[in-house]
Amino acid sequence: MTEKKTSTHNALKIRARAKGKKPAFVRPESWRYAKFSVSWRRPRGLDNKVRRTIKGWPPMPSSGYMGPKIARGLHPSGYEEVLVHTTAEVAYVKPETQAIRIGHTVGMKKRVLIIAEARKLGITILNAKEVKATESEEKTAADAKDAANKQNKPKQKRSIFSRLGAKKQ
């Protein structure tokens, strides 16, 4: 297991170094015409200089720029990302090789539950926003608030007329 971990770690280092050497692939002629966006489009013309790899023109993406096969699809931390939306999905994650990313549509209440479950199982969370209070702290705070409200506000006796919406004369 440690042998695989070190090879993955080395592969991540190689991938980071290769990424620094990789050129920014821009759309050919995007520097010349404003109507062309900078985002890459594969040149298909017969006489296109980039497609023909003419000297002096920018390089075209190729498989030679790929990182090591072991490191492909991994997060920079070395974990494989798993997208999670419910607490049930957390149970299927392997803490040794996988880390969770909580979906952006998950609300704060469910996010708190997912974070608590992941921490209990020892799973790494890639996008854990710091939650102000955990669930148990929220419950105790809500109970204390309810108790304070009950002590401060005595119940008012209302007549039957006020309940029916009639005005006092």
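The set of residues in the stretch 22-47 being out of contact with any helix residue (DSSP H, G or I) (no Cβ under 7 Å at 6 or more places or on another chain) and under 14 Å from SER62 (Cα atoms) consists of PRO23, ALA24, PHE25, VAL26, TRP40, ARG41, ARG42, PRO43. Restricting attention to the stretch 1-50, the residues that are of a type outside the set (Asp, Glu) and in a loop (DSSP other than H, G, I, E, B) add up to 28. Of the residues making up the stretch 32-49, those that are surrounded by 11 or more Cβ atoms within 10 Å (Cβ to Cβ) and more than 30 Å from the chain's Cα centre (by Cα) are PHE36, PRO43, ASN48, LYS49. Looking across the stretch 40-89, the residues that are closer than 18 Å to GLY103 by Cα and not small (Gly, Ala, Ser) come down to LEU74, HIS75, TYR79, GLU80, GLU81, VAL82, LEU83, VAL84, HIS85, THR86, THR87, GLU89. Inside the stretch 45-91, residues that are over 18 Å from ASN127 (Cα atoms) and of a type in the set (Ser, Thr, Tyr) make up a count of 4. Can you spot a residue in the stretch 68-88 that is loosely packed, with under 13 Cβ neighbours inside 10 Å, in contact with a His (Cβ under 8 Å, 6 or more places away or on another chain) and over 13 Å from ALA11 (Cβ atoms)? No. Every condition in (1) of a type in the set (Gly, Ala, Ser); (2) within 21 Å of ALA99 (Cα to Cα); (3) at pLDDT below 90 is met by GLY20 except one, and the failing one is (2).
The values are calculated or read from the model by the stated rules, or taken from the named source; none is laboratory data. Treat the numbers as computed from the prediction; the structure is a model and nothing was measured. Methodologically, a virtual Cβ is constructed for each residue, glycine included, from the backbone with ideal geometry; neighbour enumeration extends over all protein chains shown.
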